[in-house]
Structure formats: C-alpha cells, structure tokens
C-alpha cells in the first residue's frame, strides 16, 4: 500500500504544478505596457551616474523603452512594439521555474525571470550576459 500512496502523492504534486503553470500562463495573456518610473529606478547607481553625465545618451536609452508594449496571445505567440515603430514577434512560453522565454521569428531567444505577476503587474528580471549587465535590470509592465 505504501508505494501506491507515494506514487499518488507525486501525481497530485505534478498535477498541481501543471495547474499553477497554466494559470500563470493564462494571466500573462493580454497587452502589457512598459512602466517607466519603477523600471528606471532599478538602474544600478554606477550606470545611473554615468547616464547623468551624458544627457543625450540618457534620453536615447529612456526613449528606447518608454512606450514599449508586449502582447501575449493564448496560442503562444507574442508581439512586441518598440517606441521607434519596430515590431518583433515570435512565440513565448513560461517554464516551471518562472522563466519567460521569448523566441523571435529570427531565432533569437530571450529569457527573463518573472519576479512578479499579478492581474495588473508584470516584472521581468533581465540577466547579465557574460560581462555585460543590462542598463535596466527590472522591466515593469502594466496590463492594459
């Protein structure tokens, strides 16, 4: 009897994990708009200090983020609109450890950790790649 109860417990835990992942994925579906203030407040102090000495670079960086939108569709596709009018598209998925994976149609893969997901807020942590750190490590979006 004991092996069956252990197997049953494992099956229940797997089912709950799958249900939780599906619920999280359905919560992502919709249109999300970049929220500048909380995102820009995550810029590391040394990078912020450097940007403050170069106002034109700072304006360019901020203009590159402000107005971004992300649209996640239920069929697993996404579209990102950038402030300059460019549009990126591809497929999205979320792993069991809350990593959002965006696979662009050109094959580029971007992975970001979901640090917060509510009905109205999405916060993504951008990881460093090698020695390169992201200027804006936390990207906060508000659901439209």
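The values are calculated or read from the model by the stated rules, or taken from the named source; none is laboratory data. These numbers come from a predicted model, not from an experiment. Neighbour counts run over all protein chains shown; Cβ positions are idealised from the backbone, glycine included.
The requirement of being at pLDDT 90 or above and surrounded by 10 or more Cβ atoms within 10 Å (Cβ to Cβ) is fulfilled somewhere in region 10-28, by at least one residue.
Here are some residues: 80, 116, 49, 112. Which one is assigned to a strand (DSSP E or B) and surrounded by fewer than 14 Cβ atoms within 10 Å (Cβ to Cβ)?
Numbers: 80 fails: surrounded by fewer than 14 Cβ atoms within 10 Å (Cβ to Cβ); 49 fails: assigned to a strand (DSSP E or B); 112 fails: surrounded by fewer than 14 Cβ atoms within 10 Å (Cβ to Cβ).
None of the other options fit; the residue is 116.
Working carefully through the options 75, 144, find the one that is touching a strand residue (DSSP E or B) at 6+ places or on another chain (Cβ under 6 Å), within 18 Å of residue 30 (Cα to Cα) and exposed (fewer than 13 other Cβ atoms within 10 Å of the Cβ).
It is 144.
For region 35-46, taking the residues that are in contact with a strand residue (DSSP E or B) (Cβ under 8 Å, 6 or more places away or on another chain) and not in a helix (DSSP H, G or I), the one that is nearest to residue 135 (Cα to Cα) is identified as 42.
Here is a check on your reading of the model: is residue 64 at pLDDT below 95 and under 17 Å from the mean Cα position of the chain (by Cα)? Can you show your working first?
Numbers: at pLDDT below 95: yes; under 17 Å from the mean Cα position of the chain (by Cα): yes.
The answer is yes for residue 64.
Condition first: free of Cβ contacts under 8 Å to residues at least 12 places away in the same chain and in a strand (DSSP E or B). Can you find one or more residues in region 98-108 that meet it? Yes, some residue in region 98-108 is free of Cβ contacts under 8 Å to residues at least 12 places away in the same chain and in a strand (DSSP E or B).
Looking only at region 52-64, count every residue that is surrounded by 14 or more Cβ atoms within 10 Å (Cβ to Cβ) and either touching a strand residue (DSSP E or B) at 6+ places or on another chain (Cβ under 6 Å) or more than 17 Å from residue 126 (Cα to Cα) (or both) and tell me the total. First the steps, then the outcome.
So in region 52-64, the residues surrounded by 14 or more Cβ atoms within 10 Å (Cβ to Cβ) come out as 58, 61-62, 64.
Subset that is either touching a strand residue (DSSP E or B) at 6+ places or on another chain (Cβ under 6 Å) or more than 17 Å from residue 126 (Cα to Cα) (or both): 58.
So the count comes out to 1.
Across region 83-94, which residue is surrounded by the most Cβ atoms within 10 Å (Cβ to Cβ) among those that are assigned to a loop (DSSP other than H, G, I, E, B) and in contact (Cβ under 8 Å) with a residue 12 or more places away in the chain? Top of the filtered list is 83.
The listed residues are 101, 116, 49, and the only one of them that is farther than 15 Å from residue 140 by Cα and touching a strand residue (DSSP E or B) at 6+ places or on another chain (Cβ under 9 Å) turns out to be 101.
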